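The values are calculated or read from the model by the stated rules, or taken from the named source; none is laboratory data. These figures come from a predicted structure and were not determined experimentally. Cβ: placed from backbone, ideal geometry, glycine included. Neighbour counts: every protein chain shown. For the accessible areas, the whole protein counts, side chains as well, though only heavy atoms, and no ligand, DNA or RNA atoms are used. Shrake-Rupley method; radii C 1.70, N 1.55, O 1.52, S 1.80 Å.
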Amino acid sequence: MIDFNRLWHYLTRYVDNFLLGGVFLLMLIGLAVLYSASGGNLGRISNQIVNIAVALTVMWLMANIPLQQIKRLALPLYIVGIVLLIAVALFGEIHNGARRWLNIGITRIQPSELLKIAVPLMMAWYFDKSEITLRLRDYAGATLILLLPVLLIARQPDLGTALLITASGFYVLYFAGLSWRIMAGLLVSAAAILPLFWTFAMHDYQRKRVLTMLDPSQDPLGAGYHIIQSSIAIGSGGIAGKGWQKGTQSQLDFLPEQSTDFIFAVFSEEFGLIGNGLLLLLYLAVIGRCMIITANAPTQFTRLVAGSITFTFFTYVFVNMGMVSGILPVVGVPLPLISYGGTSLVTMLLGFGILMSIQTHPKLVKT
């Protein structure tokens, strides 16, 4: 006879119940909003349920991997990620003018998603090797580790993902103790070269996105259409919202990309300011739990990894909501755990699995 108590204990011994509960609630909300946004498309819902099942499995497997093994994965994951990015540059499929996907026969993969985890792991591993005597050259070496994949991804072009990976690497540098004066100098330098970046590095459509953010009405039926319709949806939700499946912008198909990047606009229209407030509280609860895990991380490596994953998750939420609200350019960032899609969901839950491993496994012995 099966001992269900022992089985349950075995399955959950390396799972952080609070973090899992918050993640699970967000994914349930995502399914409900997706059902409305897709017009009750059961096929899309079933696909997302499969995505959730795969992502939860990946999270559970990662949570059960000892910290020592996770640390050993850092260098191989980074190397594999770089090789895949080079393969994308040489053999990748082109869609909408961008070369981001690699066909491996049974499916297509987007290698840049792997780097969202691989880069912080690699940088944390690099810093952990010399944590007692960190010098300026160590930070320079870590910056090179960050810049290589960022430049390859920006070349695809995928500026949104490149900026998010840059942010994750910046968080590692911050938690590793990089001087505020140096960080301020880097920011000033970045601001100084911004005109050159605007003129020579950005594509026309990327510049257009920034200009559209500043004034969507200059092209209301073209580049500004997304922002205008999203703003109408958010504003029409009012205090309490129009109700589930009663949002006119989404149900009448005025809102583009309503199942993916702009699903927050669907949620806002249907549940209003009150719903947005509750959603933000749930996100803050998940982020707060991640910050507690970061604060309790036993070693330099685990602290850097946990901090980067936590703040990267926050950045995803902030960028998507800012993009949909019209205060940031449209960069194609999904709303974490809610937007439709499998790749970003698996990547996010892989990161949460690492956080659970940091929280539940014994202290990592440095090698």
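Before moving on, here are some points about what is shown:
- Meets criteria (of a type in the set (D, E) and in a helix (DSSP H, G or I)) for E257: no
So that you can scan it fast, the table gives a plain yes or no per residue for (1) at pLDDT 90 or above; (2) within 21 Å of the chain's Cα centre (by Cα); (3) β-branched (V, I, T); (4) surrounded by 20 or more Cβ atoms within 10 Å (Cβ to Cβ):
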| position | (1), (2), (3), (4) |
| --- | --- |
| R13 | no, no, no, no |
| S36 | yes, no, no, yes |
| G43 | no, no, no, no |
| W60 | yes, yes, no, no |
| A63 | yes, yes, no, yes |
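- Tabulated pairs, the range 30-56, first on the phi > 0 side of the Ramachandran plot, second not in a helix (DSSP H, G or I), C-beta under 8 angstrom, 6+ apart or interchain: G40/Q245
- Once the range 105-141 is narrowed to residues that are modelled with pLDDT under 90 and small (G, A, S), the residue that is farthest from P157 (Cα to Cα) is S130.
- Residue match in the range 156-166 (condition: surrounded by fewer than 13 Cβ atoms within 10 Å (Cβ to Cβ) and either of a type outside the set (S, T, N, Q) or in contact (Cβ under 8 Å) with a residue 40 or more places away in the chain (or both)): no
- The residue that is farthest from the chain's Cα centre (by Cα), among those in the range 326-347 that are surrounded by fewer than 24 Cβ atoms within 10 Å (Cβ to Cβ) and at positive phi, is G326.
- Matching residues in the range 108-130 - criterion: being open to solvent by 70 Å² or more (accessible area, probe 1.4 Å) and outside any strand (DSSP E or B): K129
- Residue within the range 75-91 that is of a type outside the set (V, I, T), surrounded by 15 or more Cβ atoms within 10 Å (Cβ to Cβ), within 30 Å of T360 (Cα to Cα) and in contact with a Ser or Thr (Cβ under 8 Å, 6 or more places away or on another chain) present: no
- When the range 348-361 is filtered for residues that are open to solvent by 20 Å² or more (accessible area, probe 1.4 Å) and more than 16 Å from L28 (Cα to Cα), the ones remaining, listed by number, are L350, Q359, T360, H361.
- If only residues of the range 174-192 that are within 21 Å of F127 (Cα to Cα) and open to solvent by 70 Å² or more (accessible area, probe 1.4 Å) are counted, the one that is modelled with the highest pLDDT is Y174.
- Any hit, the range 286-293, residues being open to solvent by 10 Å² or more (accessible area, probe 1.4 Å), touching a residue at least 60 places away in the same chain (Cβ under 8 Å) and assigned to a helix (DSSP H, G or I): yes
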